[in-house]
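What follows draws every value from the coordinates through simple rules; no lab data is involved. Treat the numbers as computed from the prediction; the structure is a model and nothing was measured. Using ideal geometry, Cβ is built from the backbone for each residue, glycine included, and neighbour counts are taken over all protein chains shown.
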Amino acid sequence: MNRVRGRTAVVTGATAGIGEACARALAGRGVRVVLNARRRERLERLAAEIAETEGAPEPLVRVFDVRDRAAVADFADELEAAGTAVDILVNNAGLARGLDTVQEGRHEDWDEMIDTNVKGVLNMTRALLPGMIARDRGHVVNIGSIAGHLVYPKGNVYCATKYAVKALTQAANLDLVGTKVRMSSVDPGLVETEFSLVRFRGDDDRARTVYQGVESLLAEDVADAVCYVVNTPPHVNVLHMVVMPTVQRSPHVIAREE
Ligand SMILES: NC(=O)c1ccc[n+]([C@@H]2O[C@H](COP(=O)([O-])OP(=O)(O)OC[C@H]3O[C@@H](n4cnc5c(N)ncnc54)[C@H](OP(=O)(O)O)[C@@H]3O)[C@@H](O)[C@H]2O)c1
């Protein structure tokens, strides 16, 4: 049963990986998607592709940085002025930078991860949740990580941001009690996307080793999980959905083929 057809979803970080796959998957189910990220050209290309998909409503493209509170507020105001009610928010934009011990960590990497993964999620949620509460309808899905359930060596600050996403998901659910608005997290293990390329600042060889000999999740697998979560009946609230590749049983317990 398709319960999401005709709804509107905002997907942050839709230029690559999981966000792009979520946008395609939701649009394929008849959801009008509002695509966000910072790279306009990629967003416009994706929007054009989606627009040609049978049954997919015309997407909207909105280029901004989720760390920019003023831009996020303008975005929410614009939607409200246009009478566009957001039913689903997929807080996906996020990143890891570097892989260092805490004692060797770079301040700029910490700021970028905390500002995007934690404050970005908060900025978007603060801007769009009041409308959902006023309509007594809506679903926020945060893309967390298994790094928010277990730490791994040199994962320190990235793990801390994903633990924060888990805590915020749980805490917001307390704030939302008595409403029909739901908040969930989908927490993947290893997914082959541009994530490692970003983490290692474009070092292709290093990024490739992360996925070598591993049948990782595909971004589409995570999008499937997101679609399952938002398609549940209104009385069902998935708090956290943890999804890992079969070869991975913990962040650093992986059966890797040599
Ligand atoms: N890949 C994995 O193994 C894995 C595992 C668990 C969780 N995750 C989580 O999944 C989410 C998506 O990651 P991914 O694997 O799909 O990585 P990805 O391929 O690098 O995609 C990240 C997306 O986030 C966007 N983004 C980054 N900073 C942004 C900002 N400040 N404002 C707006 N958009 C921003 C990027 O777009 P622009 O650069 O164009 O802005 C891009 O579209 C992240 O939250 C990540 O932590 C990933």
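Structure notes:
- Highest mean packing first, where packing is the average number of other Cβ atoms within 10 Å per residue, the peptides 183-192, 159-168, 226-235 line up as 183-192, 159-168, 226-235.
- Extension reserve of the E41-R256 stretch, reckoned as 0.36 nm per residue once the Cα distance is removed: 73.8 nm
- Nearest 10 degrees, 0 to 90: helix 69-81 Cα axis against the chain principal axis: 30 degrees
- Shape of region 11-94, Cα gyration tensor, a/c cut at 1.5: oblate
- Mean sequence separation of contacting Cα pairs (under 8 Å, at least six apart), scaled by the length of region 5-142, corresponds to a relative contact order of 25 percent.
- Evaluating 6.51 cos²θ - 1.76 cosθ + 1.60 at θ = phi - 60° for every residue in region 241-251, the Karplus couplings come out as 10, 9, 10, 10, x, 4, 6, 10, 10, 6, x Hz, glycine and proline recorded as x.
- Shape index of the chain: Rg/Rh, with Rg the Cα radius of gyration and Rh the Kirkwood radius from the inverse mean 1/r over Cα pairs, equals 0.95.
- Selection from Q103, V243, P153, by position along the positive dipole direction of the chain (Cβ): V243
- Amide H contacts of H240 (H built 1.01 Å from N, under 5 Å, at least 5 apart or other chain): S185
- Once backbone amide H atoms are built at 1.01 Å from N, V61 has L35 as its partners under 5 Å, excluding neighbours fewer than 5 places away on the same chain.
- Its Cα centre serving as origin, the chain has a Cβ charge dipole (Lys and Arg +1, Asp and Glu -1) of approximately 700 debye.
- Basic side chains Lys and Arg get +1 at the Cβ, acidic Asp and Glu get -1 at the Cβ, and with that the dipole of region 140-258 about its Cα centre reaches some 520 debye.
- Nearest-ten-degree value, helix 17-28 long axis tilted from longest Cα axis of the chain: 30 degrees
- Here the simple spin-label model places points 7 Å from the Cα toward Cβ, and for V102 and L174 these points are separated by 2.4 nm.
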